[in-house]
Amino acid sequence: MKYFLDLAQLMEKIEKISEKNLKIDILSRFIRELEVNEIKITIWLILGNINEEWVDNNLNVSVGTIIKVLKNLNIDLKDLSFLYKESGDLAEAVKIIFERYNINKNNWFKRKYKIIDIYNELKKIESLNGEESRHKKILYLEGIYKNLDPLEAKLLTRILQGDMRYGVLDGTIEDVLSYLYNISDDKIKHFHALIGDLGTLAEYLYKNKDINNISLRLFHPYKPMLAEKAENFKEAIDNQNYIFEFKFDGIRAQIHKEKDKIKIFTRRLKDVTNSFPDIVKLILENIKNDSIVLEGEIVAWDFKNNISLPFQEISKRIKREYNIDQIIKDIPVRLFLFDIIYLDGELLINKDFLTRRKILESVKNNLDIVPYIYTKNEEEAKEFFIKSINIKNEGLIAKKLNSLYLPGKRDRSWLKIKGHLEPLDLVIIGGEWGHGRRKNFISDLYLAARDDTTGKFLMITKTFKGLSDKEYEQLTKELLKYKIKENGRILYFKPKIVVETIYDEIQRSQKYKSGYALRFARINKIRFDKSEKDIDTIQRVEELYKKQLKLEL
Ligand code: AMP
C-alpha cells in the first residue's frame, strides 16, 4: 500500500516536468505498484476527485475554512496571505509556510497516512452537512493537517479546492493506461467515454485486462457523442448520406431506465432527474422495455405559439431546487428523442444510425422524435433549415446514416449547421471593473481559447458587449468565486466560466498571446452548461481564420 506522502512527492516531481513522455513514465511506474483497492481512488485523487468523474466535488471546503484550520495550527496568517495574494496559489503558499516555520516538523517524513486513509477522511468530510458541519470540518481537517508534511499539506489543499495544477490531465492518465496495458490511445479514450470514469477504467483493466468486454453501466453516464461544425451546407448534401434534424437549443438528456427507476443526465453528466418529474412520468408511461438508455433534447416550450424557447428558460428549471410542481407549470418543456444507446441488456453503439433510429421508432410509443428529413436536394434542406430557425431553433444537425455512435467524440458524422459565422466558446480568464452604471460589475471581459498542444488558455479578445446589466451582475457574482488575483481595476480568474462569443471577423494580431483577435466581439450567452474543457481551441480559430466562410443561405 502506498502512502499519501509517496503520492505528494510524486506530484511535486511531476509538476516540475514538462516533457510528456517522462511524465507518463514516472506516473506509470507509480501506478503499476498500486494494489487493487487503491488504484481507483489514487487516480481520482491525482485528478482532484473523490468520486467518479461526473459527480461534483462535494467537499464544500472554502478557502476561508482552510485558512481557519491553518490559523488553529498557529500559522502566521499575514505571511500566508501575502504569499497567497502574490501567487494566487493557496496550496503552494501553505507548502512554503510549512517549510519556513517548520510546522509539524516532528512528523515530517513519517508516512502517517496511507493514500486510502486520506481518501477515507475526505469521504467523512464530504458526508458532513447541516448546521454544525463547517465547525466539524474545521476540527477534522485540523486533526489531519497537524500530521502532514509540507508536500502533503500542499496536495491536500489542492484536492480540497478541487484545483490540481500539477499538469496531470485526463489525457495524461489515458496515456498512462495506454502505455501500461499496451492498448491503443483511441481505444482507451473510447472506453473512458463509455464507462465515464478513468479510475473505474483503471481498476477494470487491473482486474480484467480484456478491455473489449467493457459495457455501459446503467445509471452511470457515458460521455455523449458531439457534432462538428459544418463549414457549409454543401458538405452534408454532396455526401448524400445524411439525414437533417432540427437542432434545438435546450438541454441534452441522457435517460437511463431500469424497471421503474429513471435517471436523467445532462451533456456534462450532471444528474438532473429531480428537475424533470414531468419527463420521468412521460418515459414511464411510454417505454415498456425493462432497461433502456435514450438520448434527446429537453426544450422549454411555448405551447401557445408552438415554438421553442431559448436555453435560458430551461436552465431556470435546473437552478430551482424547490417548488418543482410550480415550475413545471411556469416553464413547460418537451422532450425530443434522437438516439437509443442501450436496450434490454444490449449496447447499440456499434449499430449504424439508421438501425438505431428504427429501433427507437419501435419502442417510443407516444414520445416525440426530433423532426427530420432525408433529402438529397439542397433547396429542400435549406427550406427545412429555415423552418427550424422559424420556430426559434439554432439550425440543423446533419447525421450520417451509416455512422456508429462514438461516445465522447466530436466527429464529422454529426454536423452542426447554424445560421451565422460560427460562434466560439471561450473561457473568461480576466476582466475589469466597469464604469458609471456598471461600476459594480466586472464588465470588460478577457476571453481565451485553449491551445491544444500545450493545454494553455490564450487570450484572443476583450469585450464588454452582449449581456444585460442583470446578466453582468450574475456573472460578476460567479466570477468572483474564481478570482486568482486583483491588480487595481484588473482581475484574473481561474478559467471556469464559458461564454459563447460572436464576432464579425477573425484577424491576425500581435496584441494577444494567441496571435489572433476577434473584431467586434460580443457575448451571445453565458454557457454554464459547458466547462473549460469544452471550449474552442486556437487550432479551430486558425482553421476558421483561413476559411472565414459564411454559410450562403
Ligand atoms: P453544441 O452545443 O453547439 O456543440 O451542439 C451540440 C448540442 O446540440 C448537443 O449536445 C445537443 O444538446 C444539442 N442538440 C439539439 N438538437 C439535437 C439533435 N437533433 N441531435 C443531437 N444534438 C442535438
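The values are calculated or read from the model by the stated rules, or taken from the named source; none is laboratory data. Values in this document were obtained by computation on a predicted structure and should not be read as measured data. Note that each Cβ is placed from the backbone with ideal geometry, even for glycine, and that neighbours are counted across all protein chains shown. Keep in mind that these areas ignore ligands, DNA and RNA; they rest on the heavy atoms of the full protein, side chains included. Shrake-Rupley method; radii C 1.70, N 1.55, O 1.52, S 1.80 Å.
Would you confirm, using the coordinates I've provided, whether Glu478 is part of a helix (DSSP H, G or I), open to solvent by less than 70 Å² (accessible area, probe 1.4 Å) and at negative phi?
So Glu478 fits the description; yes.
Can you say whether Leu45 is surrounded by 15 or more Cβ atoms within 10 Å (Cβ to Cβ) and free of Cβ contacts under 8 Å to residues at least 24 places away in the same chain, as far as the supplied structure shows?
Judged against the criteria, Leu45 is not a match.
Which condition number does Tyr3 fail, the rest of (1) within 18 Å of Leu122 (Cβ to Cβ); (2) among the aromatic types (Phe, Trp, Tyr); (3) open to solvent by less than 50 Å² (accessible area, probe 1.4 Å) being met?
Failed condition: (3).
Look at Glu500 and say whether it is within 19 Å of Lys319 (Cβ to Cβ), more than 23 Å from the chain's Cα centre (by Cα) and acidic (Asp, Glu).
no
Looking only at residues in region 211-225 that are under 20 Å from the mean Cα position of the chain (by Cα) and surrounded by 17 or more Cβ atoms within 10 Å (Cβ to Cβ), which one is nearest to the ligand (Cβ to nearest atom)?
So, considering only residues that are under 20 Å from the mean Cα position of the chain (by Cα) and surrounded by 17 or more Cβ atoms within 10 Å (Cβ to Cβ), the one nearest to the ligand (Cβ to nearest atom) is Pro224.
Taking region 87-102 on its own, how many of its residues are over 18 Å from Tyr482 (Cβ atoms) and either open to solvent by 30 Å² or more (accessible area, probe 1.4 Å) or out of contact with any Asp or Glu (no Cβ under 9 Å at 6 or more places or on another chain) (or both)? Lay out the reasoning, then the answer.
Kept after step one, since they are over 18 Å from Tyr482 (Cβ atoms), are these residues of region 87-102: 94-102.
Those still in the list that are either open to solvent by 30 Å² or more (accessible area, probe 1.4 Å) or out of contact with any Asp or Glu (no Cβ under 9 Å at 6 or more places or on another chain) (or both) too: 94, 96, 99-102.
Residues that pass the stated criteria total 6.
Matching residues to (1) out of contact with any Ser or Thr (no Cβ under 8 Å at 6 or more places or on another chain); (2) closer than 24 Å to Asn239 by Cβ; (3) at pLDDT below 95; (4) assigned to a helix (DSSP H, G or I):
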{"position": "Thr355", "(1), (2), (3), (4)": "yes, yes, no, yes"}
{"position": "Asn365", "(1), (2), (3), (4)": "yes, no, no, no"}
{"position": "Ser388", "(1), (2), (3), (4)": "yes, yes, yes, yes"}
{"position": "Ser403", "(1), (2), (3), (4)": "no, yes, no, no"}
{"position": "Gly408", "(1), (2), (3), (4)": "yes, yes, no, no"}
{"position": "Ile429", "(1), (2), (3), (4)": "yes, no, no, no"}
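Select the helices (runs of 4 or more DSSP H) contained entirely in region 19-129, then report the ones holding at least 1 residues which are more than 16 Å from Tyr140 (Cα to Cα).
20-32, 36-46, 77-87, 90-100, 115-127
Going through region 220-262 one residue at a time, which ones are farther than 21 Å from Phe528 by Cβ and basic (Lys, Arg)? Walk me through how you get there before you give the answer.
Restricting attention to region 220-262, the residues satisfying the condition of being farther than 21 Å from Phe528 by Cβ are 220, 222, 225, 228-246, 255-262.
Of everything in region 220-262, those that are farther than 21 Å from Phe528 by Cβ and basic (Lys, Arg) turn out to be Lys229, Lys234, Lys257, Lys259, Lys261.
Find the residue count for region 226-251, including only residues that are over 23 Å from Glu543 (Cβ atoms) and within 16 Å of the ligand (Cβ to nearest atom). Talk me through it step by step, then tell me what you get.
Going residue by residue through region 226-251, those that are over 23 Å from Glu543 (Cβ atoms) are 240-241, 243-246, 248-251.
Then drop every residue that is not within 16 Å of the ligand (Cβ to nearest atom), which leaves 243-246, 248-251.
Selection size over region 226-251: 8.
Could you tell me whether any residue of region 249-257 is touching a Ser or Thr at 6+ places or on another chain (Cβ under 9 Å), acidic (Asp, Glu), farther than 24 Å from Asp56 by Cβ and crowded, with 19+ Cβ neighbours inside 10 Å?
Yes, there is a match, as at least one residue in region 249-257 is touching a Ser or Thr at 6+ places or on another chain (Cβ under 9 Å), acidic (Asp, Glu), farther than 24 Å from Asp56 by Cβ and crowded, with 19+ Cβ neighbours inside 10 Å.
What number goes with the only condition from (1) within 16 Å of the ligand (Cβ to nearest atom); (2) surrounded by 18 or more Cβ atoms within 10 Å (Cβ to Cβ) that Asp411 does not pass?
The single condition Asp411 does not satisfy is (2).
From the list Ile279, Ile262, which one is surrounded by 19 or more Cβ atoms within 10 Å (Cβ to Cβ), more than 15 Å from the ligand (Cβ to nearest atom) and within 30 Å of Asn51 (Cα to Cα)?
Selected residue: Ile262, the only one of Ile279, Ile262 that is surrounded by 19 or more Cβ atoms within 10 Å (Cβ to Cβ), more than 15 Å from the ligand (Cβ to nearest atom) and within 30 Å of Asn51 (Cα to Cα).
Which residue out of Ile298, Ile314, Ile327 is within 15 Å of the ligand (Cβ to nearest atom), at pLDDT below 95 and either open to solvent by 20 Å² or more (accessible area, probe 1.4 Å) or closer than 26 Å to Lys525 by Cα (or both)?
Ile314
With Lys154, Lys136 as the choices, which residue is surrounded by 19 or more Cβ atoms within 10 Å (Cβ to Cβ), charged (D, E, K, R) and part of a helix (DSSP H, G or I)? Break it down stepwise before answering.
On the way: Lys136 fails: surrounded by 19 or more Cβ atoms within 10 Å (Cβ to Cβ).
Step by step, each of Lys154, Lys136 is checked, and only Lys154 is surrounded by 19 or more Cβ atoms within 10 Å (Cβ to Cβ), charged (D, E, K, R) and part of a helix (DSSP H, G or I).
Cβ-Cβ under 8 Å, sequence separation 6+ or interchain: first residue in region 364-385 and more than 18 Å from Leu415 (Cα to Cα) and within 16 Å of the ligand (Cβ to nearest atom), partner open to solvent by 40 Å² or more (accessible area, probe 1.4 Å) and assigned to a helix (DSSP H, G or I). Which pairs?
Pairs that qualify, where the first residue is more than 18 Å from Leu415 (Cα to Cα) and within 16 Å of the ligand (Cβ to nearest atom) and the partner is open to solvent by 40 Å² or more (accessible area, probe 1.4 Å) and assigned to a helix (DSSP H, G or I), are Leu367/Leu282; Ile369/Glu361.
In region 390-401, which residue that is within 12 Å of the ligand (Cβ to nearest atom) and not in a strand (DSSP E or B) is farthest from Glu500 (Cα to Cα)?
Asn393
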